[in-house]
Amino acid sequence: MAPPTEVLVQTSPETNPHVPKRTTVKALVESDGLTSIPSNYSYATHPNESDASDPNDTIPTIDFSLLNSGDPHQRSKVIQDIDKACQEWGFFMLVNHGVPETLMKAVLAGCNEFFNLPMEEKMEFATKDIWKPIRFGTGVDIKVEKFFFWRDFVKVIAHPEFHCPSKPQGFSEVVQEYCKRSREVTMELLKAISESLGFEENYIDKAMNLKSGWQIFAANLYPPCPQPELAMGIPAHTDHGLLTLLIENGIGGLQIQHNGKWFHVNPLPNSFLVNTADHLEILSNGRYKSIMHRAVVNSKSTRISIATANGPSLDTTVCPALELVDNENRPAAYIPMKYKDYMDLQLEGKPGLEHVRLPVV
Ligand code: OGA
Ligand code: NI
């Protein structure tokens, strides 16, 4: 959801005669005879990157059902685990969350159908304006884009007001139900996180005006790529809101940064992948870091992922919680900023946190 933060290799664009000028990554892949990627997709990975696999490091798993099992000891144990996961990883897999598997499958299938609509019907929603309630985008806009990624996407504003394309049939209903359910899970997690930060459970709800909280539903399509090692689905970035919940269609591709290395995430079936985002970092005064992540692509299968980003209300001015600031030992590390203004910074290309993070003295 954030702008690119890594360096890309930009070489001269090649024109493929089979590809119409206004196109999508999907159309590019479906065009005849694509055996190598156009050079303007080439992506240089950072030289210091290495793919991590320290066997002692395993991605944390949180059992959501234990939060409300009625056993207070169990709840406080899970809250401690969440605290540890947020501090050490900024990421965890959430199991037993109660959102039906059938709904998760249905929303993924609905997104697949949306991406299969004729190009013109999707292009109707093509816009660079991040405030448009429905946005379709692709890595292939040769005229205006500087960087190219192996991804098509559709994003809708889902809360406080719900929007959705009316096609394909039934899509809007299933997206709305999915957004509602994933928001309920998020609200419960934010209660637990309020407690893990030492507050009462409604602290974040009140401080961030979650009644009018900003929720975005973002579906990503990563078609198979003939040269996956040269392309990137989404470059390394952090998300803007408080918490993002992600699901995928069983095809991996998400990588998260941990201790300076990239971890490939193989999610447990039917789990939510949860990551802490910029505004939880700000609110917690840096106790929880907004995790860097990216999506890589593969040569065999189409990957679909769905991220629901859950943030404060647009008019909330977010700053480190006063209770977590101690001018002597732990001074405020971020300046206050209204969430809406922070979102507008997306257009400037540099990561949002760099605008609000104070230099360490
Ligand atoms: C995003 C995102 C990762 C993925 O949409 O912000 O990080 O695996 N997606 O698709
Ligand atoms: Ni993201």
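Okay, here's what the table says:
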{"read-out": "Cβ-derived FRET efficiency at R0 22 Å, Lys167 paired with Leu103, nearest 0.05", "value": "0.65"}
{"read-out": "Paired Rg and Dmax values of the stretch 71-313, which use every Cα atom, in angstrom", "value": "17.7, 58"}
{"read-out": "Accessible solvent surface per residue of the stretch 71-313, calculated while the other protein chains remain in place, 1.4 angstrom probe, Å²", "value": "38"}
{"read-out": "Neighbour net charge for Lys338 - beta-carbon separation under 13 angstrom, K R +1, D E -1", "value": "-2"}
{"read-out": "Label-point gap, in nm, between Leu347 and Asn116 - each point 7 angstrom along Cα→Cβ", "value": "3.7"}
{"read-out": "Those lysines that a straight Cα-Cα span of less than 29 Å connects to Lys122, excepting residues fewer than 8 apart in one chain", "value": "Lys21, Lys26, Lys105, Lys132, Lys143, Lys146, Lys155, Lys167, Lys180, Lys300, Lys340, Lys350"}
{"read-out": "Around Ser271: net Lys/Arg minus Asp/Glu count, Cβ-Cβ under 11 Å", "value": "-3"}
{"read-out": "FRET efficiency, Thr127 to Met187 (Cβ-Cβ, R0 30 Å, nearest 0.05)", "value": "0.50"}
{"read-out": "For Glu195, solvent-accessible area (1.4 Å; no DNA, RNA or ligand), Å²", "value": "60"}
{"read-out": "Gain in span if fully extended, Glu30 to Val325, counting 0.36 nm per residue against the direct Cα distance", "value": "100.8 nm"}
{"read-out": "For the stretch 61-134 and the stretch 211-228, distance of Cα centres in Å", "value": "12"}
{"read-out": "Lysines with Cα under 23 Å of Lys84, excluding same-chain neighbours fewer than 8 positions away", "value": "Lys191, Lys261, Lys289"}
{"read-out": "Amide H contacts under 5 Å for Tyr334, placed H, 5+ residues apart", "value": "Leu358"}
{"read-out": "Angle between the chain longest axis and helix 72-88 axis [Cα atoms, degrees, rounded to 10]", "value": "50"}
{"read-out": "Percent of Cα pairs exceeding the 15 Å cut-off, where the set is the stretch 148-198", "value": "60"}
{"read-out": "Burial order of peptide ranges 236-247, 171-182 (average beta-carbon count within 10 Å, highest first)", "value": "236-247, 171-182"}
{"read-out": "Accessible surface ranking that places the most exposed of Ser284, Ser166, Ser36 first, with a 1.4 angstrom probe", "value": "Ser166, Ser36, Ser284"}
{"read-out": "Beta bridges by DSSP in the chain, antiparallel share as percent, to the nearest 5", "value": "90"}
{"read-out": "The chain - mean residue ellipticity at 222 nm from DSSP helices (-39,500 (n - 2.57) per run, n ≥ 4, rounded to 500)", "value": "-7500 deg cm²/dmol"}
{"read-out": "Area of Ser65 that stays accessible when all protein chains are in place (1.4 Å probe, Å², to 10)", "value": "50"}
{"read-out": "Neighbour net charge for Gly98 - beta-carbon separation under 9 angstrom, K R +1, D E -1", "value": "0"}
{"read-out": "Percent carbon-and-sulfur accessible area, the chain, ignoring ligands, DNA and RNA, probe 1.4 Å", "value": "52"}
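The values are calculated or read from the model by the stated rules, or taken from the named source; none is laboratory data. On a predicted model such as this, the values are computed, not experimentally measured, just so you know. Virtual Cβ from ideal backbone geometry, glycine too; neighbours counted across all protein chains shown. Protein only, heavy atoms only, side chains kept; ligands, DNA and RNA dropped before computing areas. Shrake-Rupley method; radii C 1.70, N 1.55, O 1.52, S 1.80 Å.
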